[in-house]
1. Could you go through the stretch 26-41 in sequence order and give the Karplus-derived ³J(HN,Hα) for each residue, using 6.51 cos²θ - 1.76 cosθ + 1.60 with θ = phi - 60°, rounded to whole Hz, and x for Gly and Pro?
2. Charges only on Cβ, +1 for Lys and Arg, -1 for Asp and Glu: so what's the dipole of the chain about the Cα centre, in debye to the nearest 20?
3. Ignoring ligands and nucleic acids, what accessible area does M128 show with a 1.4 Å probe (Å², nearest 10)?
4. On a 0 to 90° scale, report how tilted helix 66-75 is relative to the longest principal axis of the chain, with both axes built from alpha carbons and the result rounded to the nearest 10.
5. Could you look at the chain and say what percent of its accessible area is carbon and sulfur, using a 1.4 Å probe and all protein chains?
6. Quick one: how many Å² of I29 are accessible to a 1.4 Å probe, rounded to 10?
7. Need one word for the stretch 82-126: rounded, prolate or oblate. Basis is the Cα gyration tensor (sqrt eigenvalues a ≥ b ≥ c); a/c below 1.5 gives rounded, then a/b vs b/c decides.
8. Among I23, Q72, L185, pick out the residue whose Cα is farthest towards the positive end of the charge dipole of the chain, where Lys and Arg carry +1 and Asp and Glu carry -1 on C-beta, about the Cα centre.
Amino acid sequence: MEDNYRHKGMRRSLVRIITEKGITDSNVISAIGKIPRHYFFDNALVEHAYQDKAFPIGEGQTISQPYTVAFQTEKLNIKSGDKVLEVGTGSGYQACVLLEVGANVYTIEFNKALYERTKVFLPKMGYMPKFFYGDGSQGLKAHAPYDKIIVTAGAPTVPSELIKQLNIGGILIIPVGDHKKQRMLRITKESDKKIKKESFDYFSFVPLLGEQGWKK
């Protein structure tokens, strides 16, 4: 795995793109600028790695658009040491960004093949989140509560189980909508009985599968 001057130059261009789109968190910008996104691509597809777009990774899944990754991460307001649950490991790129901004990452993947691939690949890059295989729409109760939860697939509704697994003051960021587009929501758990919901732009994610997501 080579990360040369050309790759770093392409990353600098990508950083310029996401900052022009409104990303301001210096830790998030630094993470995008540091992580070799081309490692997630075949050698013949390196040109695609630093374009601001999603790209297929097999198993009907995609590596998310860099701006989307940055947007969700910024909206979580991560503090160093925050315990973060990522629902939808996918390629692992988002988990790398979370680790770079100082999160203690628990990541769960519904697709067995992706789970097996990513839990081997990320440590080779030097990234060591805690990997789990299972239905992330139901969270990861055994290790709850979490300071932050990020969902990287589109849900039909906000899974109640995820809100239950948040600490008081915790934040959930999740795209909610239909199969074509979803509105990004930020849920802040103000108490056991009170949440604050904020709504942002529309995005397009692969569907969240599982008991509290879309059925296959």
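The values are calculated or read from the model by the stated rules, or taken from the named source; none is laboratory data. Model, not experiment: these values are computed from the prediction. Here Cβ is always computed from backbone atoms with ideal geometry, including for glycine, and neighbour counts include all displayed protein chains. Accessible surface areas use protein heavy atoms only, side chains included; no ligands, DNA or RNA. Shrake-Rupley method; radii C 1.70, N 1.55, O 1.52, S 1.80 Å.
1. Running phi through 6.51 cos²θ - 1.76 cosθ + 1.60 with θ = phi - 60° gives 5, 5, 5, 4, 4, 5, 4, x, 9, 6, x, 4, 5, 4, 7, 10 Hz.
2. Its charge dipole is roughly 260 debye.
3. Around 130 Å² of this residue is reachable by solvent.
4. Between the helix axis and the principal axis of the chain, the angle is about 40 degrees.
5. Its accessible area is 50 percent carbon and sulfur atoms.
6. 40
7. Numbers: a/c = 2.46, a/b = 1.37, b/c = 1.79.
Because a/c hits 1.5 or more and a/b fails to exceed b/c, the stretch 82-126 counts as oblate.
8. So the residue furthest toward the plus end is L185.
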